[in-house]
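A short write-up of the structure that comes next.
The values are calculated or read from the model by the stated rules, or taken from the named source; none is laboratory data. Since we're looking at a predicted model, the values are computed, not measured. When the accessible area is computed, the model is the full protein with side chains, heavy atoms only, and any ligands, DNA or RNA have been set aside. Shrake-Rupley method; radii C 1.70, N 1.55, O 1.52, S 1.80 Å.
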Amino acid sequence: MRKLRLGDDVDDHCVKCKRITNHVIVSLVDERPAKVRCRSCYHEHDYLQGVAPPPRRRMQSPKDA
Ligand SMILES: [Zn+2]
């Protein structure tokens, strides 16, 4: 695997665009992307490794069911 550097492009899931977009690496930890910024909307977020986070749902405790 090639070494990643700050400013490199990576594909990742953008939570704003709700799709895989080009991202710029803005933070690296152990040579892996920690934070990335979407090239489309400039939203900055933790690197998700291209995996969409689970949809936000209202948390419901079992005792309320
Ligand atoms: Zn985006």
Hits in segment 3-26 (condition: in a loop (DSSP other than H, G, I, E, B) and open to solvent by 30 Å² or more (accessible area, probe 1.4 Å)): Lys3, Arg5, Leu6, Gly7, Asp8, Val15, Lys16, Cys17, Lys18
Which listed residue, of Asp30, Asp64, is modelled with pLDDT of 90 or more and among the acidic types (Asp, Glu): Asp30
Given (1) open to solvent by less than 80 Å² (accessible area, probe 1.4 Å); (2) polar (S, T, N, Q); (3) in a loop (DSSP other than H, G, I, E, B), index of the condition Gln49 fails: (1)
Single condition Pro33 does not satisfy, out of (1) open to solvent by 50 Å² or more (accessible area, probe 1.4 Å); (2) under 11 Å from the mean Cα position of the chain (by Cα): (1)
